[in-house]
Each structure stands twice: as structure tokens, then as C-alpha cells.
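The values are calculated or read from the model by the stated rules, or taken from the named source; none is laboratory data. This structure is a prediction, so every number in the text was calculated from the model and none was measured. Here the Cβ positions follow ideal geometry from the backbone for every residue, glycine too, while neighbour counts run over all protein chains shown.
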């Protein structure tokens, strides 16, 4: 029997909004009778105090709590055998794989924006390798960050350089039905990056003009960088393929900062979004209590 469906069925008679249930690890966790309306994806380490250090055990625990996806930035750096084991477990649990970072990101010097052919070739090789990773874990999306700004070049020239690299990468990805999602990053956590704004990402995706090049709209980054979240999501909607979230300030779970995630999630849901929302944030509290607080936060803002 599907573990998640069994857990949900045992709760049908519950009258309280939130109750405690035993997990497969002999601990207790927060759960309610309604499944999540959106496809939230925790990451490695988020529930290690309940599940232990093994990512495989964490995935089982994540499934037990009603989550239907995971994401893992470092998947490309895991041993092949571990990638294959993760892929098999996700299949067994009927879970989706979210994003992983597809390539080496340059945080302090220009690469794709510079137009340097060696950096472009390195990037394209990384994309080829990322295709293999995606197939092992049944992933569809992979994160791409064009890297640092080139202060010696006008932004328009840099944009052309980035677009050309992404066009070539899209040609590699399209035959496999895979999608690289471009992530604009905020100036505070990642100063000096080329890609920072959602309209900029939208412009680039339109120029690349490929189903394999879309936007990763990270609500945390864009709250800091530009705010105006729902109108900007609306404006970029046809190029957004993936979301990530974290509250601001603090980059922790929803309800710990200023963002009205209930309204943001309701908007995304009503737009018909069927993809993944990555939980790319920390836990505001330590230990098992902090992990339960994360689950309860998503139960609070994910029901509307």
C-alpha cells in the first residue's frame, strides 16, 4: 500500500486540524488529513534529526509527511550508485525529483557573460553530464546560474553572450525533454551576479526561445531584489517552470518573515501550476522541534 495514502486514510476521522502521528522511524511528526495542494520539495538535511544522516532515509520520512517531491542542489556531485539508489527510491515512493545544479557556478569572476569560449565549452560539457544525472534520478529540471557580471562589457553584450550559451545548451537538452531553469539571485546574498531580476530572466528566455530554457522564480531572492511578487510572477508566468521559496528576512520556512506565502501560494495554485516548489531554506528552530515547525508552516500556508 502507498505509505502516504495509508497515512492520509487513517486521518479521515480526525476532527482537529493538526495531530501527531508516528512515523516509520518511531518518532512523531505533524500531519493533517488534507494533502498538500502544491508539490512542495524538501532537501537533504531538512529532516535529519528525525530521519538521520542518510538521504535515503530522509526521503522516506519526507514521503511519510505527505510531501511528493525532493530537490538536491548537489545531486551531480553524488556517486553514481547513490544517484541510482535515489532515483529508484523516488520511483518506489511515487515521488518527483526537483532541481539539481547543472554546472559549475562562478561566484567571483565572469564566465557565460564574458563570452569566453573556454567557459562556454566547460558549461556545455557540464550540461551533457547533467543529462546523465537527470536520467538516473528521473529529473526534468536543472538549475542554471550564468555567473558573475563582466564589468568590462556593456550589459547588452553580456546578454547576447549568455543567450548564445543557453541556445547551445538548449539544443543538447531538447531531445531529452529536459529543462534548465534560470535562477535570478539577489544582490545581498550574491553580490555581483549577472542575472538578478525576473524581467531580465524573462527577456533571456524569450530570446533563447526554447522549451528547455525557462525561469526558476525564487520567491526569497525576488522579494529582496525587486518585491512586487505576485505581479512579477504574473508578468513572467509563461516562462516560469519552477519555484523555490524561503521567507525574508532569515531565509527560513514560511511564516517566519514578512512574505504572505498563503496568498502567494494561492495565486500560484489558482494559475494552475502543477510543477514543483522547492523548499530552499533553512529551519528557524533547531532539532526535531524545528523540523516539525517546518512541516506545520507548510500545512498552515499551503491550505487555502
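Scan (1) closer than 21 Å to residue 41 by Cα; (2) surrounded by fewer than 17 Cβ atoms within 10 Å (Cβ to Cβ) for the single condition residue 189 breaks and write down its number.
Condition (1) is where residue 189 drops out.
Just checking, does region 248-269 include any residue being buried (at least 18 other Cβ atoms within 10 Å of the Cβ), touching a strand residue (DSSP E or B) at 6+ places or on another chain (Cβ under 7 Å), in contact (Cβ under 8 Å) with a residue 12 or more places away in the chain and over 30 Å from residue 177 (Cα atoms)?
no
Taking the condition of being closer than 23 Å to residue 157 by Cβ and exposed (fewer than 15 other Cβ atoms within 10 Å of the Cβ), how many residues in region 117-146 meet it?
3
Restricting the first residue to region 105-117 and requiring it to be farther than 15 Å from residue 183 by Cα, which pairs with a second residue that is assigned to a loop (DSSP other than H, G, I, E, B) and at pLDDT 95 or above meet a Cβ separation below 6 Å and a spacing of at least six or different chains?
Short answer, once both residue conditions are applied: 110/150; 111/147; 114/150.
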